[in-house]
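Every number in this text was worked out from the coordinates using simple rules, so none of it is lab data. Please read all numbers here as calculations on a predicted model, not as lab measurements. Positions of Cβ are backbone-derived with ideal geometry, glycine not excepted, and every protein chain shown enters the neighbour counts.
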């Protein structure tokens, strides 16, 4: 069983950060770094309590060497959640809390930390399940959870279909992470619990639109923007920001300003995700390049490509997601996205979204410290390479 201490090791020893997209404390100010540290401590504590509860329920059941065992589910949960990502959502929540005056009076600080840990565990859940849905073999520079479960099934000579087994195990891992997140949220005030529920529903709707859109061959720009907003933008920026502000007792006027910022910053984040999914460097993203393209996902990039590509390339593009596309054909489409100006157009959309987010922060309702922190954060979201 992997030690719960792994998470702290990742924070203090850079040599243990196996792969890209890990927490970079240099990107934080002293303010949000302190919140992130407290959040990671609570995640570590939560995983430890989960470990204790699991072991208590498993008393009298001794795993036999060389055979599959249910303890591997717990190991996968702890291993995945113990390797910190970029921690964008807890940081967004922190700046929402500061914007609402939380740093001045300390109100809601405990709720902020509870929220941050819940956001991180929910994000882990979403990644594990997303990798199953997308058949992604890697995550954060390592094998994805279902790929690890499949390898264990094969190594130990398990019966049945290794892939089906692996996907089922990954579903259980994600469910357990979601359950632990909800456990933390259950202790929050009613307004925060209501906003959390809305965020989770939005996340599921966005993922559903992504799947259904790909199955229906949707390539229109309106649908692509809606998927990006609900699946990535709101869940990464606006809702964590809103929840953090609610922890400090924010009123409706401030929340409206933060929502304006969150809309544009979330758009910048989602559009950068689109670009990285097609032309990103796997050494930085930790994911195979071209996965979104091969799956025919309804991204803004593909919607714009429908307008810019030549008729022959447009026909090739429409095969994506419907039939097998060779790696060479996928590479050709990726190159054409750059040659045709689609990537440049999306870069311009990102720059415009950043400017709009910054304009929202000019409101006198936003604490200046929060405005400075959120300006830095939207720049990191928009211009990141992972």
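Give me the number: length gained by fully extending residue 198 to residue 372, i.e. 0.36 nm times residue separation minus the C-alpha to C-alpha distance, one decimal in nm.
Using 0.36 nm per residue and subtracting the Cα-Cα distance, I get 59.9 nm.
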FRET efficiency (residue 56, residue 212; Cβ distance; R0 30 Å; to 0.05) is 0.10
For region 309-386 and region 127-157, what is the separation of their C-alpha centers, rounded to whole Å? 27
Can you pull the one-decimal nm distance between simple spin-label points at residue 163 and residue 151, each 7 Å off the Cα toward Cβ? 1.9
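Rounded to the nearest 0.05, what FRET efficiency do residue 130 and residue 34 give with R0 = 30 Å and r taken as the Cβ-Cβ distance? Could you check?
Once rounded, the FRET efficiency stands at 0.50.
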Residue 380 paired with residue 67, simple spin-label distance in nm, labels 7 Å along Cα-to-beta-carbon: 4.8
Once normalised by the length of region 6-383, the mean sequence separation of its alpha carbon contacts under 8 Å that are 6 or more apart gives a contact order in percent of 20
Based only on Cα atoms, what mean projected area does the convex hull of region 54-154 have, in nm²? 8.7
